[in-house]
Amino acid sequence: MVSAGAPRVGVLALQGDVREHAAMLESLGAEVSLVRSPAQLAAVDGLVLPGGESSVIDKLARQLELREPIRERISAGMPVLGTCAGLILLAERILDGLPTQLPFGGLDVDVRRNAFGSQVDSFETELEVPALGAEPVHATFIRAPVVERVGEGVEVLAAVGERIVAVEQGAVTGIAFHPEVGGEPRFHRRLLDRVERVSGA
């Protein structure tokens, strides 16, 4: 049950694993909205960009006139969590994106899509993420991207070997894996904590 002062968080619901993120946020006490229009975006204080096909999400966001409002909200300090395709969309530069593909920005990083291979190369592992505590994060990688350049002001949260898979800049977090698949709540809790601070919820 959602309390009256619950943080209001949206999940960009254009394509991808939207329901899993919504369920995770609701289990943590958030008031969750599925965002498909500028008006719905304006009604939330934080946003999740789910996994899926980054090029498709970009195309639909532009068709629905959501791209610029999302960019403006990110620039204004709205807390955001991007997973897999969401990380790609938050990057300043996509190294191997389609010629027409435009990210939202928010993270001063360069990202390479499908850096871990195709669907058959998906894997699960335990990641050390000191920002979330001593207990490792169970991470599911599905056609995952990797961060190849990190700019000033960007904190690296986690890596697989030498490959950077989780970064943070201000109120924006981008991760290459899917915590919602394995029931790992700490990234979503971190987002909600930020939303509560920003909104006073």
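Shown in residue order for region 75-90 are the 3J(HN,Hα) couplings computed by the Karplus curve 6.51 cos²θ - 1.76 cosθ + 1.60 at θ = phi - 60°: 4, 7, x, 5, x, 9, 10, x, 10, 6, 4, x, 4, 4, 5, 8 Hz (x for Gly and Pro). Is region 90-201 best put as rounded, prolate or oblate by its Cα gyration tensor, with a ≥ b ≥ c the root eigenvalues, rounded for a/c under 1.5, and otherwise prolate when a/b is larger than b/c, oblate when not? Oblate is the answer for region 90-201, as a/c is 1.5 or above yet b/c matches or exceeds a/b. Orientation-averaged projection of region 94-148 equals 4.9 nm² [convex hull of Cα atoms, one quarter of hull surface area]. Think of a 1.4 Å ball rolled over the protein heavy atoms: region 1-94 then has 42 Å² of accessible area per residue.
Per atom type, the chain shows carbon and sulfur on 50% of its accessible surface, probed at 1.4 Å. If the chain linking L34 and Q63 were pulled fully straight, counting 0.36 nm for each residue of separation and taking away their Cα-Cα distance, it would gain 8.7 nm. Residues whose amide H falls under 5 Å from that of E148, counting only those 5 or more places apart or on a different chain, are D110, V111, R112, with hydrogens built in the peptide plane. Applying the Karplus relation 6.51 cos²θ - 1.76 cosθ + 1.60 with θ = phi - 60° to region 170-186 yields 3J(HN,Hα) values of x, 8, 10, 10, x, 10, 8, 10, 10, x, 5, 6, x, x, 8, x, 6 Hz, where x marks Gly and Pro. Note that the chain shows a convex hull volume over its alpha carbon atoms of 108 Å³ per residue. Backbone geometry of region 22-28 corresponds, through the Karplus equation with coefficients 6.51, -1.76 and 1.60 at θ = phi - 60°, to 3J(HN,Hα) couplings of 4, 5, 4, 5, 5, 5, 9 Hz, x marking Gly and Pro. Given axes a ≥ b ≥ c from the Cα gyration tensor, I'd like to know whether region 12-108 is rounded (a/c under 1.5), prolate (a/b larger than b/c) or oblate. Judged from the Cα gyration tensor, region 12-108 comes out prolate (a/c at least 1.5, a/b above b/c). Residues whose amide H falls under 5 Å from that of G10, counting only those 5 or more places apart or on a different chain, are S33, D45, G46, L47, V48, with hydrogens built in the peptide plane. In this structure E72 has an accessible area near 120 Å², from a 1.4 Å probe over the protein heavy atoms.
The values are calculated or read from the model by the stated rules, or taken from the named source; none is laboratory data. All values derive from a computational prediction rather than experimental measurement. Keep in mind that these areas ignore ligands, DNA and RNA; they rest on the heavy atoms of the full protein, side chains included. Shrake-Rupley method; radii C 1.70, N 1.55, O 1.52, S 1.80 Å.
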